[in-house]
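One structure is given below, encoded as structure tokens.
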Amino acid sequence: MVQAAAVLEDFEAPAGVDPLFTLVETIEALSLARTVDQVAAVVRSAARRITGADGVAFVLRDVDQCWYLDEDAIGPLWKGLRFPMTACISGWAMLNKQTAIIPDIYADDRIPHDAYRPTFVKSLVMTPVRPADPIAAIGAYWSVERQPTQDEVVKLQIMARATAGALENAQMYASLTETLERRKFLLRELDHRCKNTLAAVQSIADQTLRKAVSPATFVEAFNGRLSALSRAHELLTRQEWGRARLNDVLEQALSPFGEVDGARISLQGPAIALAPETSVSVHMTVHELAVNAAKHGALTTEDGRVEITWSVDMAQEHREVVLEWRESGGPPVSMPTRAGFGMRLIEGGLARDLHGECDVDFAPEGLRFTLRVPLSPRIALA
């Protein structure tokens, strides 16, 4: 790369050097270019010396437009501008896959004369880069009407062929660089997620052990929570660890406790998107609610029912998501005499994480859980 930079930054052949040598040196510099901008830098300067032109433009094909990426000329041309392929001579050269040789631009109807009048250009040669499937074009311009020589045209075409290879190399290099950066990012992300998962498992184990009344109850509760964490990660993996829908997270969390079909467990609410870490927190909280319902609440009886609804409260100054868990048809409910890890997670963890608030009501007819959290990047309308 050091050698490439040196060639590209100081690309000036000694006075009196044969143009053929300059062409060879140009091809060498193009072979060392690693970016499209570096390719353009070589082309714009070298093409002027090789052809003796008063100006050179390097034009990239951008779908159905011509993008005048760079230029080297005695006066301004169209650097940075884009034109329709059908409205400029560079587009004609690429669409027709052939070199345009124009001794007098005002005598050729392929030239958009109004675009050229503010410039010095009187004659030109425009040759496509990679004629079989053009991806760019090189234009050489003169300030006088003249017939470009066969030697000038051939040298420009040779440079165009070398430029095609250089552009393909630049694209491959950019793709490789992007792949390597992506690999580094994925490794960092994997490390981060593994550490977070291990920390979560450690916390679950510690908190479950503190409240377990026997080894058997510890194993049952710990295994259940690990399974819930695993299911949450399974859902996020299917989503490529992007945002997950609240409805999908709830269905995944409730799947071990019965079919979510409206008969015993029902879900209803608008489309809400959750950030990955929020998806895990919601999943774990709903798992604890379901475990409690299966052991002590509505899911212990055939007539028991759990309804989960959510909505967006637009009346608040800051819009809020309101999620409600309502149980009915189960045995009479009473306030527990001791709060285990699961109940502490239900009562505080999720609300605290999302800067909201929650309420747990042990009503005799069935437990009620209400969560209110503001819309944010972590929980938003889908």
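Bear in mind that the values in this text are calculations on the coordinates, not laboratory data. Computed from a prediction, not measured in an experiment: that's the story for all the values here. Positions of Cβ are generated from backbone atoms using ideal geometry, with glycine treated the same way; all protein chains shown enter the neighbour counts.
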Nearest-ten-degree value, helix 150-211 long axis tilted from longest Cα axis of the chain:
10 degrees
Report, in degrees rounded to the nearest 10, the 0 to 90 angle that the Cα long axis of helix 19-32 makes with the longest principal axis of the chain.
10 degrees
Restricting the range 91-136 to trypsin sites (Lys or Arg not before Pro) in coil, as DSSP defines it, with at most 16 other Cβ within 10 Å:
97, 110
Given backbone amide H placed at 1.01 Å from N, residues whose amide H is under 5 Å from that of residue 265, ignoring those fewer than 5 places away on the same chain, are 306
Give the longest segment of the chain that steers clear of GluC sites (Glu not before Pro) in DSSP loops with at most 13 neighbouring Cβ atoms within 10 Å, not counting the sites themselves.
13-144
Of (i) 65, 45, 45; (ii) 100, 42, 35; (iii) 64, 43, 42, the label for Cα extents along the principal axes in Å derived from the coordinates:
(ii)
Give me the angle, in degrees from 0 to 90, between the Cα long axis of helix 215-238 and the longest principal axis of the Cα atoms of the chain, rounded to the nearest 10.
30 degrees
What residues have an amide H closer than 5 Å to that of residue 143, excluding those fewer than 5 places away on the same chain, when H is modeled at 1.01 Å from N in the peptide plane?
54, 122
In whole angstrom, the spacing between the Cα centers of the range 202-274 and the range 57-100 equals 57 Å
